[in-house]
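> Before anything else, here's the structure in question.
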Number of protein chains: 2
Amino acid sequence: MQDKAMLMIPGPTPVPESVLLSLGKHPIGHRSGEFSQIMAAMTAGIKWLHQTQNEVLILAASGTGAMEAGIINFLSAGDRVVVGCNGKFGDRWGEVCDAYGLTTERISAPWGQPLNPDDFKAVLDGHRQKPSKAVIVTHSETSTGVINDLEAINRHVKAHGQALIIVDAVTSLGAVSVPIDEWGLDVVGSGSQKGYMIPPGLAFVSVSPKAWEAYKTATLPKFYLDLGKYRKDAAKHTTPFTPPVNLFFALKTALEMMQAEGLEAIFQRHQRLMQATRAAMKALNLPLYAADSCASPAITAVAPQGVEAENIRSLMKKRFDIALAGGQDHLKGQIFRIGHLGFVGDRDILAAVSALEAVLAELGYTNFTPGAGVAAASRVLSTA
Amino acid sequence: MQDKAMLMIPGPTPVPESVLLSLGKHPIGHRSGEFSQIMAAMTAGIKWLHQTQNEVLILAASGTGAMEAGIINFLSAGDRVVVGCNGKFGDRWGEVCDAYGLTTERISAPWGQPLNPDDFKAVLDGHRQKPSKAVIVTHSETSTGVINDLEAINRHVKAHGQALIIVDAVTSLGAVSVPIDEWGLDVVGSGSQKGYMIPPGLAFVSVSPKAWEAYKTATLPKFYLDLGKYRKDAAKHTTPFTPPVNLFFALKTALEMMQAEGLEAIFQRHQRLMQATRAAMKALNLPLYAADSCASPAITAVAPQGVEAENIRSLMKKRFDIALAGGQDHLKGQIFRIGHLGFVGDRDILAAVSALEAVLAELGYTNFTPGAGVAAASRVLSTA
């Protein structure tokens, strides 16, 4: 059967039909009053989603573009930065810092485990002579399904006083609460193909007044990613460079859907989907890669034993047209990842788990009672 | 009447229905075999459009992102570069060079006039001690409707021998021949919302082997715009960062349409549309901002006398839902610009010109014989 694919990867995530219909509209001129009206209307929605009064700037880029902008706009060559590294994306932000000649100090934890907030305290305390200018933390580590304790790390950063906190919220925003103003998060980057429920192509960066102060003296070179240009034009409800207008149409529709559902309901749904998925994996005796205490509400990584992760992925695709994500870098072939982020509902989890049971049986994996995964997921979904 | 807008601006340009339907399809995973098949299939089409065997890399960005990538990947701080400036976009590439600490030498011509190729010879000849590393030229200057004599400028660059030629082909590619291999153009940047007939959000950069040689020693900092990353992944038919997959669907459909029409036919169509538009403006006694000898086949800029440019634009919008572009920077209010780029046909020109006649009459402009513009355009379209 064709044209009935199901995305259970951590991005691109499923897109509602109404959003696709908005996306497929004929573009309008981006220097028109109509476009400015759309931008103005969305500004409120975007701030609502970000739980902030800070400016949230919209770029034509991937999440990496957002994070690079979030780093380079506020720093100068030689500045000391601390980067939390416990997965592919934390590692990537370290590479960005290196590429720009920052003095990069990495705080690491093994992939699959969370960063230890106390490590941040220790490192920041040690930087009395040349204080760190920024601390970069990946909230939900997409590569491993681990959520880092951003609140605790941020408390240490705030106690230290000087450093900006720069957050990769690419797979946390819209899945779990990221209370930017309440916690005082200076820079938060995200991308459209995740919790936003729209296709890839838009990137978002929220910027605090403290970060804008740092912007004034930051000297790393930039032009397309110069957030000052976006800020200036956003005040007039426009953009410095031609925006992907069709993705803005899609964003408008998606934000309306999110506002109708409500932030708390969205977060609760993601919690429920995560718990159901994890309960199912446990019932199928498939080891979870991240512990319950640091499980991301967006992605569940599974490290199967007695059956190959890649065989599961390819048979899920072939038999049921369900896309699961594989492991990245050294985890390739070691894990598979189930995305339950964005436009995902209870039915999707049951469909994925029941298909997984069929695939496991077909692959000769016998370490489970048929139906146990679905029953476990169902139990969570009916009570959580 | 709603929902019947007509774009006659130099971008976003009109998008065919079949392209919109492709755009509105549900996304697929970008790490899937299906996506790689689409990328592989498109590679041939993109090279065909660029008339090159060079690699053409695809970024999620605007045309400015493409041009910034095309500049910073091949240069180091302090390198001497020559930038042709005769409009907003030439000026912008100069600003990019300044932002990255390049030693920027500008060759200027007044807005509305073409760059003088001999000026490039003189400047390059004068750089014996510290030769220029690159010459940056805007082919079709979108802000003024002037096309620069890229072939002649490039001959001087080639005679000089050392410098890379970096071309902004944002509104020339797909409208007029840009024979990259025949002329030996090292770096050529473009954007999806122009001749490509798809909405904004994708940017393209073609890179010659000589430019890749320069890449090896270039030290300007970059990450998201690091073309080496795109090159490495393009060899495996994938991208380093999440691509806007829906715009790739659209691109595939648009390329198929372009290949069915044929390159020569596309260029001839743009010539015909340009000539018809210019003939109409002359018949209406509306002064053309650029001379015939340097007229861009993508955009015609008009500097009306006896009637306000902005009044024409707003009444065209209000009465007929036709979007024309205004002047930029100091040309605001001085000119209006008619885009005839991409998915534009004879009927569109006749519709725009006849609507313009109605608007001129309504605004009290009497310096024309009613019907003269349409008759002039019609004459060109039936013979050219």
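> Do we find a residue being facing another protein chain (nearest Cβ under 9 Å), open to solvent by less than 20 Å² (accessible area, probe 1.4 Å) and farther than 30 Å from A:Pro297 by Cβ anywhere in region A:198-218?
No; the residues of region A:198-218 include none that is facing another protein chain (nearest Cβ under 9 Å), open to solvent by less than 20 Å² (accessible area, probe 1.4 Å) and farther than 30 Å from A:Pro297 by Cβ.
> List pairs: first residue in region B:7-25 and assigned by the TED database to the domain that holds B:Pro199, second residue modelled with pLDDT under 95 anywhere in the structure, Cβ distance under 9 angstrom, at least six positions apart or on different chains.
B:Lys25/A:Asp3
> Still on this model: Any residue that is outside the structural domain of B:Thr43 (by the TED database), closer than 30 Å to B:Ile72 by Cα and open to solvent by less than 20 Å² (accessible area, probe 1.4 Å) - is there at least one of those in region B:298-309?
Looking through region B:298-309, at least one residue is outside the structural domain of B:Thr43 (by the TED database), closer than 30 Å to B:Ile72 by Cα and open to solvent by less than 20 Å² (accessible area, probe 1.4 Å).
> Can you find a residue in region B:284-307 that is farther than 16 Å from B:Ala361 by Cβ, more than 19 Å from the chain's Cα centre (by Cα) and charged (D, E, K, R)?
No, there is no match, as no residue in region B:284-307 is farther than 16 Å from B:Ala361 by Cβ, more than 19 Å from the chain's Cα centre (by Cα) and charged (D, E, K, R).
> When you look at A:Ile9, is it under 30 Å from B:Lys194 (Cβ atoms), modelled with pLDDT of 95 or more and open to solvent by 10 Å² or more (accessible area, probe 1.4 Å), yes or no?
Answer is no for this residue.
> Looking at region A:75-84, is at least one residue modelled with pLDDT of 95 or more and over 30 Å from A:Lys232 (Cα atoms)?
Yes: region A:75-84 contains one or more residues that are modelled with pLDDT of 95 or more and over 30 Å from A:Lys232 (Cα atoms).
> Checking the condition at positive phi and out of contact with any Gly (no Cβ under 7 Å at 6 or more places or on another chain), which residue from A:Gly174, A:Gly161, A:Gly228 passes?
A:Gly161
> Output the residue which, of all residues in region B:353-367 that are touching a residue at least 40 places away in the same chain (Cβ under 8 Å) and surrounded by 17 or more Cβ atoms within 10 Å (Cβ to Cβ), is nearest to B:Ala276 (Cα to Cα).
Among them, the one singled out is B:Val353.
> Let me ask something else. Restricting attention to region A:240-252, which residues are buried (at least 22 other Cβ atoms within 10 Å of the Cβ) and within 24 Å of the chain's Cα centre (by Cα)?
Matches in region A:240-252: A:Pro243, A:Pro244, A:Val245, A:Asn246, A:Leu247, A:Phe248, A:Phe249, A:Ala250, A:Leu251.
> Here is a further query. Sort out which residues of region B:272-285 are touching a residue at least 40 places away in the same chain (Cβ under 8 Å) and either open to solvent by 70 Å² or more (accessible area, probe 1.4 Å) or not polar (S, T, N, Q) (or both), and write them in order of number.
Residues satisfying the conditions are B:Arg272, B:Leu273, B:Met274, B:Gln275, B:Ala276, B:Ala279, B:Ala280, B:Met281, B:Lys282, B:Ala283, B:Leu284, B:Asn285.
> Can you go through B:Lys222, B:Lys194 and tell me which one is touching a residue at least 12 places away in the same chain (Cβ under 8 Å), facing chain A (nearest Cβ under 10 Å) and in contact with a Ser or Thr (Cβ under 6 Å, 6 or more places away or on another chain)?
Going through B:Lys222, B:Lys194 in turn, the sole match is B:Lys194.
> Next question. Does A:Leu263 fit the bill of being surrounded by fewer than 16 Cβ atoms within 10 Å (Cβ to Cβ), in contact (Cβ under 8 Å) with a residue 60 or more places away in the chain and within 24 Å of the chain's Cα centre (by Cα)?
yes
> Identify the residue in region A:12-55 that is more than 9 Å from every other protein chain (Cβ to nearest Cβ) and part of a loop (DSSP other than H, G, I, E, B) and, among all such residues, is most open to solvent (accessible area, probe 1.4 Å).
Top of the filtered list is A:Gln53.
> Here is a further query. Taking the options A:Ala163, A:Ala175, name whichever one is small (Gly, Ala, Ser) and within 14 Å of the chain's Cα centre (by Cα).
A:Ala175
> Now for a different question. Among the residues of region A:323-352, write down those that are touching a residue at least 12 places away in the same chain (Cβ under 8 Å) and farther than 28 Å from A:Asn86 by Cα.
Residues satisfying the conditions are A:Gly345, A:Asp346, A:Asp348, A:Leu350, A:Ala351.
> Continuing with the same structure: Can you name every residue in region B:305-326 that is of a type outside the set (Asp, Glu) and either in contact with a strand residue (DSSP E or B) (Cβ under 7 Å, 6 or more places away or on another chain) or within 20 Å of B:Gln275 (Cβ to Cβ) (or both)?
The answer is B:Ala309, B:Ile312, B:Arg313, B:Met316, B:Lys317, B:Ile322, B:Ala323, B:Leu324, B:Ala325, B:Gly326.
> Please verify whether region B:79-95 includes one or more residues that are free of Cβ contacts under 8 Å to residues at least 12 places away in the same chain, among the hydrophobic types (A, V, I, L, M, F, W, C) and within 12 Å of another protein chain (Cβ to nearest Cβ).
no
> A further question on this structure: With the checklist (1) modelled with pLDDT under 95; (2) under 30 Å from A:Lys232 (Cβ atoms) in hand, flag the one item A:Val167 doesn't pass.
Tallying (1) modelled with pLDDT under 95; (2) under 30 Å from A:Lys232 (Cβ atoms), A:Val167 fails exactly one: (1).
> Would you pick out the residues in region A:166-176 that are buried (at least 24 other Cβ atoms within 10 Å of the Cβ), in a strand (DSSP E or B) and of a type in the set (A, V, I, L, M)?
A:Ile166, A:Val167, A:Leu173, listed by residue number.
The values are calculated or read from the model by the stated rules, or taken from the named source; none is laboratory data. The structure presented is a predicted model; accordingly, all values stated were derived computationally and were not measured. Reconstructed Cβ throughout: ideal geometry from the backbone, glycine too, with neighbour counts over all protein chains shown. In case anyone asks, the SASA skips ligands and DNA or RNA and just uses the protein heavy atoms, side chains included. Shrake-Rupley method; radii C 1.70, N 1.55, O 1.52, S 1.80 Å.
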